[in-house]
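Right, one structure below, let's go through it.
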Amino acid sequence: MFVGLYHKGYTQRISRLVGCFQLTRPESKTRLAFGPFEVDAPSGELFKHGIRVRLSKQPLQVLLTLLAQPGELVTREQLLAELWGEETFVDFEHGLNAAINRLRQSLGDSAEKPRYIETVPGRGYRFIGTMESRDLAPAASAVETAIAEPPSARWHPSLWWPIATALVCLIVIAGWWRLGNSQPALPAGKLTRLTNGPGLSDSPAMSPDGKLVAYSSDNGMDGGRDLYVKQVAGGPPIRLTFDGLGNTNPNFSPDSSRIVFQSERNGRGIYELPALGGDARLLASRGTGPVYSPDGSQVAYWVGSTAITLWVPGSGAVWVIPAAGGPPRRVAPNLTSARWPIWSPDGKRLLFLGYSSSQASDASAIDWWLADANGGEAIRAGMHDALVRAGLQGQDSAGNWATTIPAGDLPAPGCWSSAGSIAFSEDSGGDTRNLWETGISLATGKVSGAFTRLTAGSGNDSRPSCVPGGNLVFASPQIRRDVWTLPYDLDSGKSKGAPERSTESPARREYPSLSGDGRYVAFSSSQAGPLNVWIRELATGKESPVAPSSTMVQRYSVMSASGGRVSFSTYEKDKRFVYVSAPGGVPEKLCEGCIRATDWSRDEKKLLVFVGSPSQVNVLDVASHLQTALLKHPRYGLADARFSPDNRWVSFTARIEPNRGWIMIAPVNLETAGGPKPVPESAWIKIAEEGSADRANWSPDGKTLYFTSARDGHACLWGQRIDADSHRPEGDAFAAQHFHGRGAYVQDAWSAAGGRIAIVLEEGTGSIWMMSRPGAR
């Protein structure tokens, strides 16, 4: 996050290293190694046990600079001059600290007990690891051989240091050359850190008078999300809420006297309270992301779940409600999905992410849309095409190119300034996000296509909030998503131990799936670049990709009970596909148009998949690739089906509204001649009323259904006993595992098998920053 960035260019840096470059053969393929890590000279890439470690630009540059002077102190001033130019004007403290933290995460290192990167307090850093060379270069040329020393002299220990130094210099130059000098000039400005707590502070909003900033934080370090407000000029924060029930997304009224926000209390809703504390009143049920109109008379919000992608019809809708209370009205009914609205400065229109197709996964239907707040159809603003023309659109939050998924990760509009520009957060590659702004014409409803970068660096800058005059505040969180496993007696409903972290690097992970014996877990991970499916043996920690590494995103893994096959989904040329692969094998394409598979039959001959819009559940024959409809409804989307252990029942989620779902079960007969028949709705049994993204799994004895639920204000696991005869709920649901701590479940898939539960939990740290720009009031 660096403002007013100015570079002299990489040529100066390379010229300072010409001496050591001359000691090294350009064609050398030597990797410099330390511990389990290797740095590849030609590519400037970092590997661990031969697997590439994803590392964004600034952390990699820091590593290369430290490796160039092993054992020696590299001052903060040297890092500034080498990495960002001698005439850079940046918030250097934040930028360097963020890069060092990311580097340590990737190396599994710590500041308290460093193995590789040592902090010299107040001065800088030094590399303290032991280096060695591996994969030595090919034979020297005839000219080199003629002047070379005998082998015993050439590799004598007394010559190791200059040779190692030469290799490191080559790595540094290669890394700098590969990373390039593509940073655009940034407008001058000043960054001020507004929060500095130990946990995660995010979703900031600044009062229109510029005096207060409100934000959501788990500073209690217990995982509870509450609202705080503090003076921009300084001083301690004031805590506004105390229940820890997901209080977030605050927004100030135009006179700075009130705050509207969302909370998970009572099943989620939009609430309003005085800006300096007081009683909160419910304004709208089941809402997300509220924003006051410029005159304060109305509040816009959206209804839906971020766990369901924008390109699923019916997954979200934008609404407006009078701030004084009254019935809400829907905005832009011509769109099938919409979310994250912001107001135009004149208060007449709303800008938001939207989707216009009645079919799922249509990339051409995703864009920014502009609509009259009082009614009428939305018009396309052309943001997607403008980003593509500018070379900015192309990567999702895992660093994957947009050709591999629908442009569902098109950035949401963040805030609309009084000057007419719109700030937003966009992926900058790898695990980095930066803030940008663009103009939009109210006359034409189109974005200008000209983009200005506001921040740069290795942070995760997001959620900008504009203030009259040009200043803004934003969050810079650092998020980890790891697979955790919990030993659990699924039949009795009792935990057998505490959750344990199974993965430890900063890569993104999602959708874990256990083998029947609980020995293996499959999941999607970005640890080697694009999201690909990996398998981990839980006892040993050994990991390997399920299929040869692919630039195509592989998601939604489902492992068969034996662990011998894994299905997964891809998105290719505007179409969804389901594949199956044995570990280390060649993937076989099973289905075109399937959104994803969700479970295997116990004989591993059939898969449950969901397809279409509204989605229906089909049975897919793995050998013939033929599908048979099993569950469908004219209005509800049906998804996330799972076989009972005896294959005679399936559980599934019926998405009845954008953020409301029913956990259901239904009887099935897979042995019917000609394939299973559709199960009539009259045979469905409702187990629980939850959210549209909640999912269920069976116990091994088939007598308990486990599902996710936010009924206590946190996303946790609950269980429901099922009567053996009627198959209806027996007694009340019970809490199976709470996730009220800092590791939060984020509505991802989860798995239960073999005496374990596997789930992805998210942890975050981060602060709120203010950007003051020249001329701003």
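The values are calculated or read from the model by the stated rules, or taken from the named source; none is laboratory data. All figures in this text were calculated on a predicted structure; none of them were measured in a lab. Cβ placement follows ideal geometry from the backbone for every residue including glycine, while neighbour counts extend to all protein chains displayed. In case anyone asks, the SASA skips ligands and DNA or RNA and just uses the protein heavy atoms, side chains included. Shrake-Rupley method; radii C 1.70, N 1.55, O 1.52, S 1.80 Å.
A compact table of results
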quantity	calculated
19 Å Cα-Cα reach of LYS48 towards aspartates and glutamates, excluding residues that sit fewer than 8 places from it in its own chain	GLU38, ASP40, ASP109, GLU132, ASP135, ASP431, ASP482, GLU504, GLU537, GLU543
For THR503, residues with placed amide H under 5 Å, excluding near neighbours	VAL483
C-alpha center-to-center spacing [the range 705-777, the range 491-528] in angstrom	15 Å
Mean accessible surface per residue for the range 416-522, computed with a 1.4 Å probe while every protein chain stays in place, in Å²	32 Å²
The range 314-386: C-alpha gyration tensor shape, a/c 1.5 cut-off, then a/b vs b/c	oblate
For SER357, distant residues with modelled amide H under 5 Å away	THR336
Entries of LYS190/LYS211; LYS190/LYS446; LYS230/LYS348 with Cα pairs more than 23 Å apart	LYS190/LYS446; LYS230/LYS348
Cα centroid separation, the range 421-484 to the range 329-348 (Å)	20 Å
Stretch gain in nm, segment ASP491-SER544, where the contour uses 0.36 nm per residue and the Cα spacing is subtracted	16.0 nm
For ARG509, distant residues with modelled amide H under 5 Å away	ARG481
Estimated FRET transfer efficiency when R0 is 35 angstrom, pair ASN196-GLU77 (beta carbons, to 0.05)	0.90
Neighbour net charge for ALA475 - beta-carbon separation under 9 angstrom, K R +1, D E -1	-1
Residue-normalised accessible area of the range 289-387, given per residue in Å² at a 1.4 Å probe	32 Å²
Length added when fully stretched, ASP621-ASP701, from 0.36 nm per residue minus Cα-Cα	26.3 nm
Rounded if a/c under 1.5, otherwise prolate or oblate - the range 603-657, Cα gyration tensor axes	oblate
Accessible area (Å², 1.4 Å probe, nearest 10) - ILE665	0 Å²
Which of HIS633, HIS740 is most accessible, then next, and so on - probe 1.4 Å	HIS740, HIS633
Probe 1.4 Å, protein heavy atoms only - accessible area per residue of the range 675-734 in square angstrom	41 Å²
Estimated distance in nm for a label pair at GLN359 and VAL586, the labels positioned 7 Å out from Cα along Cα-to-Cβ	3.0 nm
Exceeding the 18 Å Cα-Cα cut-off - candidates LYS606/LYS677; LYS573/LYS606; LYS113/LYS542; LYS632/LYS703	LYS573/LYS606; LYS113/LYS542; LYS632/LYS703
Largest-first ellipsoid semi-axes for the range 466-529, taking √(5λ) over the Cα gyration tensor eigenvalues, angstrom	37, 17, 10
Whole-percent carbon and sulfur share, accessible surface of the range 575-618, 1.4 Å	51 percent
Backbone HN-Hα couplings from phi across the range 717-722 [Karplus 6.51/-1.76/1.60, Hz, Gly and Pro as x]	9, 10, x, 9, 5, 10
Solvent-accessible area, 1.4 Å probe, carbon plus sulfur percent, for the range 243-345	54 percent
Rounded percent of accessible protein surface that carbon and sulfur make up, the range 656-709, 1.4 Å probe	51 percent
HN-Hα J in Hz across the range 106-116 - Karplus 6.51, -1.76, 1.60, θ = phi - 60°, x for Gly and Pro	5, 8, x, 9, 9, 6, 6, 10, x, 9, 10
Computed FRET value (nearest 0.05) for THR119 with LYS48, which takes r as the C-beta separation and R₀ as 25 Å	0.70
Computed lengthening from ALA735 to ASP385, 0.36 nm per intervening residue step minus Cα-Cα distance	121.3 nm
Largest to smallest accessible area among VAL388, VAL553 [probe 1.4 Å]	VAL388, VAL553
